[in-house]
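Read through the structure below, which is laid out as structure tokens, and then see the notes.
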Amino acid sequence: MDNKQDYVDLGFAKLDVLRMQRIQQEEVIFGAGKTKEQILAITEAILSRQDSVLITKISKNKAIYLQDKLSLLQFDESANIAWCATKKKREKKGTLAVITAGTSDIPIAREAIITAQYFGIEVKEYLDVGVASLARVASILPELTKVQTLIVVAGMEGTLPVLLGSLVSQPIIAVPTSVGYGTARKGEVALHTALNACVPGITVVNIDNGFGAAMAALRIHNHNSSLYN
């Protein structure tokens, strides 16, 4: 599709203005690798067409620069994510559990949490419940039956998504993180664990991709909403 009505050409970026119509997901800005001036220009172009915008993988310095220009911009430093939105409520799109194996996985989980909440999904958080203590996993199982989808964030050996996949029936989205010592290979071991899980049906996103996990959940929730409406 190469039609100028389908995008806005800023010279250094082309904004996909019909994405929401096609897949029910608005365009999100990836902040890494872009200058603060480029991010500002893209943000302003998006806000000229809608009342909200989400920016992922953005540094603190770039976020501070944007906050000086955009009074409504909020920034979560732990997740390196920023967003600008009015108080207009989005249509509720179900309930999601975001679960971390360890405290060190929380920054990636926060990216997933904020993204999901931005798009109207209610999020329940269960932090530091990894397999090093199975009692912690067992303690949250009754609560997990009350949500529609699970995002499970785990570094080190990355077994928590596989364990939960054997215990609950909901869709599970595994997020391997780069947390771990040398042989963890910056998340590759956790990624391979999830990809090679003997429990069938687990969805796996890339290392440290909390945003991608939330967007996978959004597709599930959007589809479920269309089935029942």
Review point. In terms of solvent-accessible area of protein heavy atoms at a 1.4 angstrom probe, what is the ranking of Met156, Met215, highest value first?
Key: Met156, Met215
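Set the bar at 21 Å for Cα to Cα. Now go through Lys62/Lys93; Lys36/Lys186; Lys93/Lys146; Lys124/Lys146; Lys93/Lys124; Lys36/Lys124 and name every pair that lies beyond it. Don't skip to the answer; put the middle values down first.
Working: Lys62/Lys93 31 Å; Lys36/Lys186 28 Å; Lys93/Lys146 14 Å; Lys124/Lys146 10 Å; Lys93/Lys124 13 Å; Lys36/Lys124 33 Å.
In this structure, Lys62/Lys93; Lys36/Lys186; Lys36/Lys124 exceed 21 Å between Cα atoms.
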Exercise for review: Using label points projected 7 Å from each Cα along Cα→Cβ, tell me how many nm separate Glu122 and Ile140, to one decimal.
Suggested key: 1.8 nm
Review point. Leaving out same-chain residues fewer than 8 places away, which aspartates and glutamates sit with a Cα under 12 Å from that of Lys92?
Key: Glu122
Check your understanding: Dipole of the range 88-229, Cα-centred, from +1 at each Lys and Arg C-beta and -1 at each Asp and Glu C-beta, to the nearest 20 debye?
Key -> 460 debye
Practice item. Only helical DSSP H runs with n ≥ 4 go in: add -39500 (n - 2.57) per run for the chain, normalise by residue count and round the 222 nm mean residue ellipticity to 500 deg cm²/dmol. Key: -11000 deg cm²/dmol
Review point. With every protein chain present, what accessible area does Arg19 have (1.4 Å probe, heavy atoms only), rounded to the nearest 10 Å²?
Key: 70 Å²
**Study point:** FRET efficiency estimate (nearest 0.05) - Cβ-Cβ, Asn206 to Asp51, R0 35 angstrom
**Key:** 0.70
Review point. How much length is gained if the chain between Phe12 and Cys198 is pulled fully straight, taking 0.36 nm per residue apart and subtracting their Cα-Cα distance, in nm to one decimal?
Key: 62.5 nm
Review point. How many times 2.2 N^0.38 Å is the alpha carbon radius of gyration of the chain?
Key: 1.05
Exercise for review: Take the solvent-accessible surface of the protein heavy atoms, probe 1.4 Å, and return the percent of it on the range 93-187 that carbon and sulfur atoms account for.
Suggested key: 57 percent
Check your understanding: Could you name the aspartates and glutamates in cross-link range of Lys69, using Cα to Cα under 16 Å and dropping any fewer than eight places away on the same chain?
Key -> Glu37, Glu44, Asp51
Exercise for review: Express the relative contact order of the chain as a whole percentage, based on alpha carbon pairs under 8 Å and six or more residues apart in sequence.
Suggested key: 14 percent
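The values are calculated or read from the model by the stated rules, or taken from the named source; none is laboratory data. Given the structure is predicted, the values throughout are model-derived calculations rather than measurements. All Cβ positions, even for glycine, are placed from backbone atoms using ideal geometry, and neighbour counts span all protein chains on display. For accessibility, only protein heavy atoms count, side chains too; no ligands or nucleic acids. Shrake-Rupley method; radii C 1.70, N 1.55, O 1.52, S 1.80 Å.
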